[in-house]
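Notes follow the structure.
The values are calculated or read from the model by the stated rules, or taken from the named source; none is laboratory data. All values reported here derive from a predicted model rather than from experimental measurement. FYI the Cβ positions are ideal-geometry reconstructions off the backbone, even for glycines, and counts take in every protein chain you see.
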C-alpha cells in the first residue's frame, strides 16, 4: 500500500507536466541580459512577414481587377484574415518577447497565401468555363 502511494504521486505529476507541455508548448519568460536583442529579432521577423502579407494582399486586389471585378468574397476574406496579422498590433512583445507573435504571423501569412491560391484557381476555372462555353456556342 505504501509503495503504491509512492509510485502514484510521481506518475501523476509526470502526466500533469506532460499534459501541460503538450497543450501549451514552450513559452519563454522575457527577462535576462539579451532580451532587447530577442525582442528586436522577433520584431523584424514580424515586419518581414508583414511585408510579404501586404504584397500577397496587393496581388489579391490586382487579380480582382484583372478578373473584371468578380470575387469580392475573396477580398473580404483576405481583409478579415489580414486584420489578425500581428504587424498591426505588435508592441513590446508581451511576456514571451514576441514568440507568440512570430508564430501567429506565420499562420496568417500562410492563410493569405492560401486565399491567393484559391483566387487563382477560381480565376482559371472561370476562364476555362468561358472558353468552353464560347467554343460550344461558336460551333453550333
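Across segment 2-40, the number of residues qualifying as closer than 30 Å to residue 79 by Cβ and either at pLDDT below 55 or exposed (fewer than 14 other Cβ atoms within 10 Å of the Cβ) (or both) comes to 2.
Rundown of residues vs (1) on the phi > 0 side of the Ramachandran plot; (2) at pLDDT below 90, yes/no style:
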position	(1), (2)
84	no, yes
91	no, yes
98	yes, yes
103	no, yes
116	no, no
122	no, yes
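Criterion applied to 130, 126 was being modelled with pLDDT under 80 and closer than 18 Å to residue 71 by Cβ, and the one residue passing it is 130. Residue count for segment 28-78, restricted to those that are in contact (Cβ under 8 Å) with a residue 12 or more places away in the chain, under 19 Å from the mean Cα position of the chain (by Cα) and within 20 Å of residue 102 (Cα to Cα): 12.
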